[in-house]
1. For the chain, count the residues as N, evaluate 2.2 N^0.38 Å, and divide the Cα radius of gyration by that value, please.
2. Using a 7 Å offset from the Cα along the Cα-to-Cβ direction at both Lys58 and Glu265, what is the distance between the two label points in nm, to one decimal?
3. For the chain, what does -39500 (n - 2.57) per DSSP helix run (n ≥ 4), summed and divided by total residues, give at 222 nm, in deg cm²/dmol to the nearest 500?
4. Which aspartates and glutamates, on any chain, are close to Lys330 with Cα under 17 Å apart, when same-chain ones fewer than 8 places away are left out?
5. How high is the relative contact order of segment 46-173? Use alpha-carbon pairs under 8 Å, at least six apart in sequence, and give a whole percent.
6. Neighbouring Cβ atoms within 10 Å as the yardstick, rank Glu312, Glu328 fewest first.
7. How tilted is helix 358-377 with respect to the longest principal axis of the chain? Cα atoms for both, answer in degrees (0 to 90, nearest 10).
8. List, in the order given, every pair from Lys48/Lys86; Lys183/Lys319; Lys294/Lys332 whose Cα-Cα distance in the structure shown is over 23 Å.
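A short reminder: the numbers here are calculations on the coordinates, not readings from a lab. The model shown is predicted, which means the values in this text are computed figures rather than measured ones. Counting neighbours? That spans all protein chains shown, and the Cβs are built from the backbone with ideal geometry, glycine included.
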Amino acid sequence: MRAGYGAVVAGLGGALPRLANASPLASDLLASGASPADAEKSPTAERKAGWAIVGLGKYATQQIIPAFADSKRSKLVALVSGSPDKARALADQNGVDPKNVYSYQNFDAIRDNPAVDIVYIILPNSLHAEYTVRGAKAGKHIISEKPMATSVKDCQTMIDACQAANRKLMIGYRAQYEPFNLKAIEMARGKQLGTLKLITADHGRHLDPGDPADQWRMKKDLAGGGSLMDIGIYNLNAARYLTGEEPIELSAMLHSTPGDPRFREVEENASFTLRFPSGVIANCTSSYSYQDVKRYRVFGTDAWLDLDPATEYYEHRMKIGHKDRQEEIKIKEESQFARQMDHFSECVLDNKPVKTPGEEGLRDVRLMMAIYEAARTGKTVKLS
Ligand code: NAD
């Protein structure tokens, strides 16, 4: 076995030592019962950034809110929802002050709430831009779910709004904070597989019109597109983070089953191929018509690396295929959601650069638009 196999990956998104000269956030001290004057004075108080969640749907309630229990630098302090009853019940369950529950209409009043440092937008895709702009104008740092937005223009608007307000912007690319994916990046880029040649990546799920979370996914104005925008983005982001390169050309095909009402507005299946400057080719597929598939395989001249599932919430499995043997790599699972949140809290608390900023989200949206263009025209798209 090679050195480093099986090791627990050091926490990129985990807690880092506090900077000696960093001042505590007012929100943390105020929420802990200190007076505003104490908040100014007390540099030794434990510091956690205060988070507001916008949109209390499936991902927010099933993955993100429970992950605050595993986080070290992040604390849930506010909720924004169109359903007052749901919000009140969740606030009660999670120790959120009922005064810190907002509607979509009065969301802008969050500017007057010093307990909130960070706003996390977990709404349908086309709404990310509006709430990012409103949150930044309210003086809050923003994390938006993937895909960042449904157009390049909206992505740029989000970046500009955060820049103008001098606020940080992050995109929720949780896989880039997840230990198995970090190990895969280390091995792929560190030549532990030899010279990289090819990547295959597939993401599929069954789109269920009976599930409220899937109803907006069938509408182009809210989702922006179909399986590509929703889950094909994981292939695209993985091909980029595994190689550390940006593609120079791509080709693509789409297909939707004729007559299937789920696919009147958005595509069912997408297949696309990326070529990278080093010569690596990535062949990627996404579908809304098979059961859960979330995998990639990286082929190098010495070995292949298989992560299946690769972008699941839990229970990832990594295998390495050498010339004469295969081995499974065991890594300690950690909450990628908590690691992602703690990374952003650290960036805000200690004024550090964001690992997956708005520009990273913009790159993927720009590439997805090029994938749609390649599919529409049947031509390879050259990328600058
Ligand atoms: P969801 O439908 O369960 O949640 C969306 C929430 O937005 C709901 O509470 C809904 O009431 C609210 N909403 C506000 N305005 C709305 C409108 N006009 N139409 C429809 N809903 C509206 O969806 P979800 O699966 O939680 O996805 C939300 C976002 O999170 C999407 O951007 C999705 O891509 C992203 N997501 C990311 C991951 C991940 O692993 N990173 C996983 C799932 C979803």
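1. Against the compact-globule rule of thumb, the ratio is 1.01.
2. A separation of 1.7 nm, rounded to one decimal place.
3. Values: 11 runs with 110 residues, N = 384.
Taken over the chain, the calculation gives -8500 deg cm²/dmol.
4. Counting by Cα, and skipping residues close in sequence, Lys330 has these aspartates and glutamates nearby: Glu178, Glu186, Asp306, Asp308, Glu312, Glu315.
5. Normalised by residue count, the contact order of segment 46-173 is 22 percent.
6. Glu328, Glu312
7. On a 0 to 90 degree scale, this one is about 40.
8. Lys48/Lys86
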